[in-house]
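For reference, the structure discussed in these notes is given below.
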Amino acid sequence: MTDSLTKPNWGHTPWTIDFHPSPVALPEHIDFAVVGAGFTGLAAAAKLRRMAPEKSVAVFERVSIGAGSSGHTGGMVLAETAVGDLPGLGDMLAGYTKVLKDLEVDADLALPGVWEIGRTATLPDSPISWSDSGNLRAVREVPGGSVDPGRVVTGLARAAAKSGALIFENAAVESAEFESHSARLRISGKTVTANAALFATNAMSLELAGLSGRTKPKFTLAIATEPLRGTQIEQLGLASGKPFYTIDFPYLWGRKLRNDGFVFGAGLVHLQNWRELQDVDVSKGEAGNLIARLENRVRALHPALRNVQFTHRWGGPILIGDDWRPIFTRHPESPRSIVLGAFSGHGVAQSVYLGCWAAEALCGRRELPQWDSSGENEQ
Ligand SMILES: Cc1cc2nc3c(=O)[nH]c(=O)nc-3n(C[C@H](O)[C@H](O)[C@H](O)COP(=O)(O)OP(=O)(O)OC[C@H]3O[C@@H](n4cnc5c(N)ncnc54)[C@H](O)[C@@H]3O)c2cc1C
């Protein structure tokens, strides 16, 4: 296990992130600090600056924008959290669509619906009939769809930068000390003080975000196929372009790409400590075996996939909350700061939607939801 900040070998995705902020000197003081430049942090930063243009905002990212889950995700857009709807959540799909539109993010968003697939119940006219530990068929259609995650990361970062947020890459927040009216963040040997902070660090830096002991970091895998022919897509029952995920085990999810390739995902590497993420290598060990198993599973799903070639193999972190609920709470050491994460593999729309809510809460314009069974949301 290492604590180094070199880029781990999490493989290659079909996504492209083509925005990087220009380097500027670290500020000594800012109004709002956002820790983590994934979907959550970038959406929050853009929203903060738009809502409060007189306030300074800086995003500090350990590696580079999208280096965590957001640049390695599958990009399936889901309407609910991992535990379904929650009190006051509102219409997440409508909210997500609106944020992307308001921030002018060209996300390649499509919302044709999503297939829930399973091995027991089935739709009488299921277009899907695959072989995978039984007969895998469509069970139900739910709202949702997909985005190009590279475009979302790029678009959110551009929107944040355009609205005047400073974004720092290679700027790991090493520690945070809280005083009654400020947070003192230690970054690259310097101290930056902030009036308030949002911790959007997902599966990493769990101690910093006050999340150790109540969340479990995992690493999950995905592969992309070469473009399929129209006849193959028809035979698979996927001509509608709807993504899919299983509602029973073994778990499998997937989605179509613009080039008619398909992404399939499954498998979890279990970790004792989030620092082990740094050493996960998709070309070998447990992650490599899970990728090989996934390739064999996909080739065996249907005769149309028997000889399919894979163009991308990768993985990335996810953070599972104790009860699978998202964590959206005040920082345990500072009521002025907020912690948002643990989307339990359901974070594509949720991160952006709740990231904007976090920005409103930091500005004192909205209360946090009461989803936390431990009651830590109450100030
Ligand atoms: C393979 C895979 C497939 C997935 N598929 C789907 C899907 O289809 N649909 C869905 O809804 N969800 C999916 N998810 C989950 C979804 O991608 C995540 O929930 C979402 O991206 C989380 O965004 P985030 O901004 O909270 O976290 P992240 O994108 O992980 O961002 C956190 C950032 O914080 C940075 N950071 C950490 N510590 C520090 C520090 N100390 N200082 C500064 N920066 C720090 C990290 O480097 C990282 O960039 C998938 C995840 C994976 C890995």
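Rule-based calculations on the coordinates, nothing more; no lab input. Note that the coordinates shown come from a computational prediction; the quantities given were computed from them, not determined experimentally. Note: ideal-geometry Cβ built from the backbone for every residue, glycine included; neighbour counts use all protein chains shown.
One table, with the values for the structure above:
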quantity: Hits in the range 184-216 - residues which are near the ligand (Cβ under 9 Å from one of its atoms) and outside any loop (DSSP other than H, G, I, E, B); calculated: Leu185, Ile187, Phe199
quantity: Subset of the range 324-367 (residues that are farther than 17 Å from Ala45 by Cα and among the aliphatic types (A, V, I, L, M)); calculated: Ile327, Ala342
quantity: Those residues of the range 328-351 which are among the aliphatic types (A, V, I, L, M) and not in a loop (DSSP other than H, G, I, E, B), in sequence order; calculated: Ile338, Val339, Leu340, Val348, Ala349
quantity: Selected residue [without any contact (Cβ under 8 Å) to a residue 60 or more places away in the chain, surrounded by 13 or more Cβ atoms within 10 Å (Cβ to Cβ) and charged (D, E, K, R)] from Lys98, Lys47; calculated: Lys98
quantity: Residue within the range 280-292 that is away from the ligand (no atom under 15 Å from the Cβ), hydrophobic (A, V, I, L, M, F, W, C) and in contact with a helix residue (DSSP H, G or I) (Cβ under 9 Å, 6 or more places away or on another chain) present; calculated: no
quantity: Some residue of the range 37-58 being touching an Asp or Glu at 6+ places or on another chain (Cβ under 6 Å), within 10 Å of the ligand (Cβ to nearest atom), among the small types (Gly, Ala, Ser) and not in a strand (DSSP E or B); calculated: yes
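This table checks each residue for (1) within 16 Å of Asn9 (Cα to Cα); (2) among the hydroxyl-bearing types (Ser, Thr, Tyr); (3) touching a residue at least 24 places away in the same chain (Cβ under 8 Å).
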residue	(1), (2), (3)
Gln235	no, no, yes
Ser240	no, yes, yes
Arg258	no, no, yes
His270	no, no, yes
Asp281	yes, no, yes
Glu286	yes, no, no
Arg293	no, no, yes
Asn296	no, no, no
Ala300	no, no, yes
